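Accompanying notes for the structure given below.
Read-outs: derived from the displayed coordinates by stated rules, not from any lab. No experiment lies behind these values; they were computed from the predicted model shown. When we count neighbours, we look across all protein chains shown, and the Cβ atoms used for this are built from the backbone with ideal geometry, even at glycine.
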Amino acid sequence: MTQSIIGETSAFDVFKLKDAVLVNDAGEWGQEPDENAVGVLRSTNFTNEGYLITEDIAYRTVSESKKNEKLLIEGDIIIERSGGSNTQPVGRVGYINKTISNNGFVFANFIQRIRLDKDIFNPKFTYFCLQQMYEMGVTTSMQFQTTGIRNLDYKYYLKSKLPKPTIKEQKAISDILFKVDEAIEAVEKSIKAAEKLKKSLMQNLLTGKLKPDGTWRNETEFYLDEKFGKVPKGWIVSKVKDFGTVYTGKTPPTAESKVFAEETLDGYPFITPGDLGGKKYIVTAERYVTEKGISYSYRLPAGTVCVVCIGSTIGKIGITKVEACTNQQINSLIPNEDNSSEFFYYMMLFRYLHFKEIAGVNATPQINKSGFNKYKILRPIDKVEQIQIANKIAVIDNEILQEYEKIQLLKNLKKSLMQNLLTGKVRVDMDQINSLLEGE
């Protein structure tokens, strides 16, 4: 049994990373940008998943000779040598594909670039091995800290033993993994398009410019309000308290016995700010309380809208799907029979930046129960119209949720493939690959 740094493999030989490297150099940060500035990839462009984000590129001026020397080309692998944090080890990697290469980027001084002998080592395959090292936490043991910055023990890193299938099998494995990456990228683009549409819908539906039936209101269908400007006829400026009853949560006394449930089936979700913001509906929580525990707080029915009103995450919001309670950082609205909790949720989501802004005047951002009750938003008087508006936005929300679930499935698939294909636990059918290649 042969041991590689990413696991045992009886199917493949192994090689030391340093023996595969033809080019091995650190980057260049350069000077303040001028008209000859070039894009420089740096630590902020790395992700934990091994992707490079190129939307936020720093531009710096480097000499022509340095630019030519540090120019990234397709097949290069870049490694984060310095940076990281207590929760994020240094050693993230990125692969320079054709698209990134065409941008003419160079790389910063805390980044190391390697270029491999492509006749023996497939750079995509090696990149996936290095990414697997990072995801397994191997680089955590290869880092040291100086003056608050985490550094990769790069000499030790280069001694890492990686699996070495035949060059054909390396290519076949990397092609499979890149196909999954392409699928993930396609879904992410779909999500961005859906989120853009949702933003547009919210902007128009929640200001009344667009009716739920898809037609636009004309100028005669609005009246002027001193605070909100043009307001659709049939809508009013309301305070939060007009939507229903507001409760501020309470934390059960931790010293009291049997207030927190050991298992979720025995208790009620105890909602804190950390449980809000990721999804629209609150079904589970990190902690649960017993019947005794919920008696110290307020029993919130399904359909309650919970809003964080204290702390840095002020404005995070969600709707309960089950009976629950919250801590004191959260104000919760139980809507009355004349109003829709879904509409209130989307309107507060739409007003998130304004809500956060008015809370930020204090050292600790907060809006107390009284201030929350008085917070003003627009609403149609007719509950049916509220529901119709919320339903229009919810259709896009559901599509986005399904796409996120699809991404998670693809990421789980990729993780499984990396664990098995890179070490030869699962083999690629090379006879089939060869026959396909011969048929090209």
To the nearest 10 degrees, the tilt of helix 383-421 (Cα long axis) against the first principal axis of the alpha carbons of the chain is 20
Treating every alpha carbon of the range 255-402 as one equal point scatterer without solvent, the Debye formula yields log10 I(q)/I(0) values at q = 0.14, 0.15 Å⁻¹ of -0.70, -0.80
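Hey, with R₀ at 45 Å, roughly what FRET efficiency would Lys179 and Phe260 work out to, going by the Cβ-Cβ distance, to 0.05? Numbers along the way, then the final one.
Working: r = 46 Å, r/R0 = 1.02.
The pair Lys179/Phe260 has a calculated efficiency of 0.45.
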Contact order relative to length for the range 199-302, counting C-alpha pairs under 8 Å separated by 6 or more residues, stands in percent at 21
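Can you order the peptides 123-134, 267-278, 382-393 by their average number of other Cβ atoms within 10 Å per residue, highest first? Don't skip to the answer; put the middle values down first.
Numbers: 123-134: 23.8, 267-278: 20.2, 382-393: 18.0.
Ranking the peptides 123-134, 267-278, 382-393 by packing returns 123-134, 267-278, 382-393.
Report, in cubic angstrom per residue, the convex hull volume of the C-alpha atoms of the range 1-100. It would help to have the intermediate numbers written out before the result.
Working: hull volume 14.0 nm³, N = 100.
Once divided by residue count, the hull of the range 1-100 is 140 Å³.
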The convex hull of the Cα atoms of the range 163-234, divided by residue count, gives a volume in Å³ per residue of 129
What helix-only [θ] at 222 nm does the chain give? Using -39500 (n - 2.57) per DSSP H run of at least 4, over all residues, to the nearest 500, the answer is -10500 deg cm²/dmol
Restricting to Cα pairs under 8 Å and 6 or more apart, the percent relative contact order of the range 67-164 works out to 33
Sorting Ile191, Ile358, Tyr127 by the position of each Cα along the dipole of the chain (Lys, Arg +1; Asp, Glu -1; all at Cβ), the one nearest the positive end of that ordering is Ile358
To the nearest 0.05, the calculated FRET efficiency linking Ile381 and Ala11 through their beta-carbon distance, R0 being 51 Å, is 0.15
Here the range 4-14 yields Karplus 3J(HN,Hα) values (6.51, -1.76, 1.60; θ = phi - 60°; whole Hz; Gly and Pro given as x) of 9, 6, 10, x, 6, 8, 9, 8, 10, 6, 10
If each part is reduced to its alpha-carbon centroid, the range 264-315 and the range 373-424 end up apart, in Å, by 20
Residue by residue through the range 231-237, the couplings from Karplus 6.51 cos²θ - 1.76 cosθ + 1.60 with θ = phi - 60°, in Hz, x for Gly and Pro, are 10, x, 5, x, 10, 9, 7
Output ordering of 74-81, 395-402 (per-residue mean of other Cβ within 10 Å, highest first) is 74-81, 395-402
